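Chemist: First the structure, which I've put down as structure tokens, then a few questions once you've had a look.
The values are calculated or read from the model by the stated rules, or taken from the named source; none is laboratory data. These numbers come from a predicted model, not from an experiment. Here the Cβ positions follow ideal geometry from the backbone for every residue, glycine too, while neighbour counts run over all protein chains shown. Quick note on the areas: whole protein, heavy atoms, side chains included, nothing else; ligands and nucleic acids left out. Shrake-Rupley method; radii C 1.70, N 1.55, O 1.52, S 1.80 Å.
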Amino acid sequence: MKRMRAKPWRWVPHWMRDRRTMSYIGLGAVAVALYAVLVPLQVSLYSANVPVTMLLGALAVGAPLIAVRRPTLAIALFTASAVLIPLMVTREHAVTAPWPWSVAMIIAFVVCLVVVTIAHGWRRGLALFVLGNAAGVLPVAMLPSVSSGNVLIVTGAVSAAFLLVSVLLAGRLRLGQELSSQRALTAAEQARRELVEERTRIARELHDVVAHSMSLIQVQASTARYRVPDLPAPAAAEFDDIAATARTSLTEMRRILGVLRTEDQSAELAPQRGVDDIPALVESTRRAGATITLVHDVSNDIDPATQIAAYRIVQEALSNAVRHAAGAQIAVSVTTDAADLRIRVRNEPSDRAPGAPGGHGLRGMSERAQLLGGNVEAHADSDGGWSVVARLPQHPPAEPMEATR
């Protein structure tokens, strides 16, 4: 039975928990910071044209943002700005300041390279690495008299190192995504398999209940001619037909049950448990170390299907109380009113760590109750405890109820 837990960081807005949104915000902050440094640096150190520098600088620092969705466009825009920005520098300023790129431009190149590689793979990252370094060499080729070897070497070495780190990080992230996807698929398949197993067990239990009734009908019909003296021949023939129909129905039910039962499940020969077995269940749980109080006030005649469902609900509720609230006081109440059997299992708060969440107990209990026309509610109490409350009709309607899927 899955228990509700307080989610960590629930005060954090939804948009702050979205990775794509936070990526855009982070890249936007980096772009603003780089733009605030790059444009004044180009204007003050290189006497570059202000409007053109602002436009080209926006292309250079904005390329990482564009690269998230449009990597090819981002590569083209950054390469163009990387070629044009150095060409606005005069020969005199190129000699006295770092050239062809400033430190801010190198950082913008590295950021764009990292984003492209992580978001779109090593091939596009390698393309940007080659084009970006070529864009730095081109202005040097156009002004061969200006020395720029150190800047080009630093740019190539730094960008190569970040390219390698980005490739490794991209592989790690993709592996993590694949593992998360596989875990989700495994969990979904496990939940589906557990649900099928629970429904199969319910079907087997219902088979036992119906088979018992059908067996009684078959025996009574078969022995009617011997138990009732002077039974007319037409009536005896009618009883024989009823007995034959009952035997056929039992055969069909056993065949269906054989389809539902898997190879590792053997037929259960012991009688199914009912409400009269709940005190023994509680006592066995006490012997396991739990502290339990029991109120068991059941005096009415209850349908066997309801008894089986009641026993299983108490069994599952006790199991989860012991697992999730070890050492806590548990109170079990099984009573009847005019038409219903009412069950309540409540555990007090526990100071011990709860067990691992998961399982299909709550859904199985709900389906059992819904098949009979009842319901099950499980909720946390205001003091930190946990309650399971069930209402089952003592005599379910003849028409089966549809379980909520």
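Chemist: So how much accessible area does Ile217 have, in Å² to the nearest 10, using a 1.4 Å probe?
Modeler: Surface open to solvent at Ile217 totals about 70 Å².
Chemist: If you don't mind, there's one more thing I want to ask. I'd like the FRET efficiency for Arg225 and Leu179, computed as 1/(1 + (r/R0)^6) with the beta carbon distance as r and R0 of 51 Å, rounded to 0.05.
Modeler: Rounded to the nearest 0.05, the efficiency is 0.15.
Chemist: Something else about it: Where only protein heavy atoms count, and the probe is 1.4 Å, what is the accessible area per residue for region 42-194 in Å²?
Modeler: 52
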